[in-house]
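The values are calculated or read from the model by the stated rules, or taken from the named source; none is laboratory data. Values in this document were obtained by computation on a predicted structure and should not be read as measured data. Positions of Cβ are backbone-derived with ideal geometry, glycine not excepted, and every protein chain shown enters the neighbour counts. Ligands, DNA and RNA are stripped out before the accessible areas are found, and what is left, the full protein with its side chains, is counted by its heavy atoms. Shrake-Rupley method; radii C 1.70, N 1.55, O 1.52, S 1.80 Å.
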Amino acid sequence: MVAFEGVTKRFGDAANAFVALDGVDMTVGRGAITGIIGRSGAGKSTLIRLVNGLEKATSGRVLVDGTEVGALNEAALRGLRREVGMIFQQFNLLASRTAYDNIALPLEIAGLDRAAIRARVGPLLDLVGLGDKAERYPSELSGGQKQRVGIARALATSPKLLLSDEATSALDPETTRSILALLKQINADLGLTVLLITHEMEVVKTIASHVAVIDRGRIVEQGPTFDIFTAPKHETTRILLSSTLGTSLPEWLRSGVKAAPGAGDRILVRLTFFGATAFQPLTARLVTEIGGDVNILAGSIEEIAGEPFGTLVVAYPATPEVLERAARFYAATGLSTEVLGYVA
Ligand code: ADP
């Protein structure tokens with residue numbers, strides 16, 4: 001649906017050019033929800049603005065449905081923007097217009113008559129759950145309701161692609177969840193392709209099937225969200241993930257971890273489970289097969305892109321017999337393990 005081919009974007013003149021995007025290659029699958037995650041200043045907004053022609057690549061190509069965006073003239077760009085909706089962190093609603101009139105705006109610009117506009121805006125208000133708020137002004141709406149108006153407005157011209165620029169970053173966690181659920185529903189019901197940028201791993205984890213990690217203008221890692229979250233390869237991804245997944249150790253445990261074992265110390269191991277069904281029986285078998293002297297110290301089960309993912313931090317005696325039994329158990333079950341250190 002969207003392809004970036006060797007895309008570079010420089011700002012400023014040649015002498016003090018700032019490279020915001022540096023050789024970006026990436027594709028966004030049709031009908032998927034794809035997330036681009038990175039820290040502030042990584043180049044996310046620049047990347048997304050290339051898709052609807054708000055910025056132009058310095059070199060390389062951006063293709064939407066096979067059409068090169070950078071090669072379009074003004075008239076063709078206006079046509080493209082009807083096919084590509086966009087929602088924003090600060091909603092960008094017109095304060096002087098009601099919810100209804102904000103949603104109607106792109107249809108007025110497209111030249112539809114009042115009856116056609118009414119036939120379109122009514123169902124859109126219902127779709128985003130604001131059927132009773134048509135005549136409210138933005139100042140009379142909550143943040144979540146404003147974003148719902150923004151989503152309805154973005155959908156007014158029946159686009160095939162929706163761009164989301166930090167759409168939930170100004171919202172509280174509960175409202176964020178409801179807006180993400182709405183985006184997911186629209187993606188499923190309308191088959192709309194969604195490309196979102198965010199600095200929050202939680203957003204990607206909740207709705208994106210695919211993710212690209214951007215760092216200083218380069219895509220450092222991309223693929224299915226579950227794979228990237230459970231086996232991150234790049235340091236930037238690991239740092240972004242550390243605050244999200246339950247993979248960081250609780251403070252009371254972390255402070256006591258040693259790199260090398262002392263006499264009588266126990267080995268501290270993190271086990272990773274894929275799939276909820278595997279979790280229960282394996283936990284029970286772990287205790288019986290390694291021996292009764294296993295402590296379970298921390299653990300969690302999360303859902304990543306709809307799939308369960310569990311971690312368990314355990315400690316047991318670092319004696320040759322116990323280590324041997326554990327190794328046999330891990331080999332037989334295919335459990336993924338990581339030695340975190342040693343504890344007294
Ligand atoms: P992000 O969305 O990840 O926070 P941006 O794409 O907004 O990052 O910005 C990437 C870098 O490009 C930043 O360092 C920013 O200052 C710079 N930048 C963005 N737009 C411009 C511009 N119009 N002129 C000069 N520098 C810009």
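For the range 67-110, backbone nitrogen atoms closer than 19 Å to the point 7 Å from SER178 Cα along Cα-to-C-beta are found at 88-93, 99-100. Applied to the range 76-85, the Karplus parametrisation 6.51 cos²θ - 1.76 cosθ + 1.60 on θ = phi - 60° returns per-residue 3J(HN,Hα) values of 5, 5, 4, x, 4, 5, 6, 8, 10, x Hz, with x for Gly and Pro. Put simply, when 156-167, 332-343 are sorted by average Cβ atoms within 10 angstrom per residue, most first, you get 156-167, 332-343.
Tell me the carbon and sulfur percent of the accessible area for the range 2-242, rounded to whole percent, probe radius 1.4 Å. Using a 1.4 Å probe with all protein chains present, the range 2-242 comes out at 49 percent carbon and sulfur.
Just checking the listed ones, ARG153, ARG285, ARG136: in the Gaussian network model of the chain with Cα springs under 10 Å, the one fluctuating most is ARG285.
If the segment from LEU94 to LEU323 were pulled out straight at 0.36 nm per residue, it would be longer than the present Cα-Cα gap by 75.9 nm.
Is the shape of the range 251-343 best called rounded, prolate or oblate, per the rule: a/c under 1.5 gives rounded, else a/b larger than b/c gives prolate, else oblate, with a ≥ b ≥ c the square roots of the Cα gyration tensor eigenvalues? It is oblate, given that a/c is not under 1.5 and a/b is not larger than b/c.
Label-to-label distance, ASN295 versus ASP22, with points set 7 angstrom from Cα along the beta-carbon direction: 4.5 nm.
Taking 0.36 nm per residue of separation and subtracting the current Cα-Cα distance, fully stretching the chain between ALA76 and THR288 would add 69.6 nm.
For the pair the range 1-45 and the range 130-150, the centres of their Cα atoms are 32 angstrom apart. At q = 0.06, 0.08 Å⁻¹ the log10 of I(q)/I(0) for the chain amounts to -0.30, -0.50, computed by Debye summation with a single uniform scatterer per C-alpha, solvent ignored. At q = 0.11, 0.19 Å⁻¹ the log10 of I(q)/I(0) for the range 64-222 amounts to -0.46, -1.27, computed by Debye summation with a single uniform scatterer per C-alpha, solvent ignored. When each of the peptides 226-237, 38-49 is scored by how many other beta carbons lie within 10 Å of its residues on average, the order from highest to lowest is 38-49, 226-237. Each residue of the range 324-333 was assigned a 3J(HN,Hα) from its phi angle through the Karplus expression (A = 6.51, B = -1.76, C = 1.60, θ = phi - 60°), giving 5, 4, 5, 4, 5, 5, 5, 5, 5, 9 Hz with x at Gly and Pro. Once the Cα-Cα distance is subtracted from the 0.36 nm per residue extended length, the SER336 to THR67 segment shows a gain of 92.5 nm.
Relative contact order, whole percent, for the chain stands at 18, derived from Cα pairs under 8 Å and 6 or more residues apart.
In order along the range 103-117, the Karplus-derived 3J(HN,Hα) couplings, from 6.51 cos²θ - 1.76 cosθ + 1.60 at θ = phi - 60°, round to 5, 6, 3, x, 6, 4, 4, 6, x, 6, 7, 4, 5, 5, 5 Hz, and Gly and Pro are given as x. Is any residue of the range 81-102 close enough, with backbone N under 17 Å, to a label point placed 7 angstrom from the Cα of ALA134 along the Cα-Cβ axis, and if so, which? The answer is 97-102.
The base-10 log of I(q)/I(0) for the range 126-179, evaluated at q = 0.16, 0.19 Å⁻¹, reads -0.49, -0.69 [Debye formula, identical scatterers on Cα atoms, solvent excluded].
Counting only residues 5 or more places away or on other chains, whose amide H sits under 5 Å from the amide H of ILE219 once H atoms are built in the peptide plane? Placed amide hydrogens put ASP25 under 5 Å from ILE219.
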